[in-house]
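Inspection log for the structure reproduced underneath, given as structure tokens.
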Amino acid sequence: MGAERPTTIRRLDVTALRIEWGDGLCVAVPLDVLRQHCPCAYCKGEQVFGTTVMLPLQQFAPGMNELVALEPVGNYGIRARWADGHDTGIYTWQMLRTIAESVARDDTSVAR
Ligand SMILES: [Zn+2]
């Protein structure tokens with residue numbers, strides 16, 4: 001089940017992206033939440049037989065929650081380029097949707 005591609009992704013302000021889908025879901029996703037969900041092996045740890053083996057704890061780096069650019073990757077997702085130079089995380093549409101839905105659940109102030 002592939003997730004829908006968002007219809008709109010734009011910066012809300014320096015700390016959040018506003019992501020909108022055709023079915024009406026529209027969520028302000030904080031960039032620090034997006035960064036926390038960075039799917040790359042370095043941030044996520046490696047998946048070994050379904051268990052996540054964590055790599056050494058991420059340290060806070062200046063600019064790590066500052067987004068420099070979002071680049072489309074094929075037709076299945078976007079690559080986030082962060083101000084600390086990290087750019088190996090590719091967020092699939094499915095992941096963005098999952099992150100947005102969890103943000104929407106946790107935050108009652110999210111605009112719909
Ligand atoms: Zn990462």
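Bear in mind these aren't lab numbers, they're just calculated from the coordinates by the rules spelled out. Because the structure is predicted, anything quoted here is derived from the model rather than measured. Every residue, glycine as well, gets a Cβ built from its backbone with ideal geometry; the counts of neighbours run over all protein chains shown.
Structural remarks
- Take the Cα of ASP84, step 7 Å toward its Cβ, do the same at ARG10, and the gap between the two points is 3.0 nm.
- Calculated FRET value between SER102 and GLU66, using beta carbons and R₀ = 22 Å, to 0.05: 0.50
- Peptides 60-71, 33-44 ranked from most to least packed by the mean count of surrounding Cβ atoms within 10 Å: 33-44, 60-71.
- Local net charge near PRO6, Cβ-Cβ under 11 Å (Lys/Arg +1, Asp/Glu -1): +1
- Counted charge near GLU71, where neighbours are those whose Cβ lies closer than 14 Å (Asp, Glu -1; Lys, Arg +1): +1
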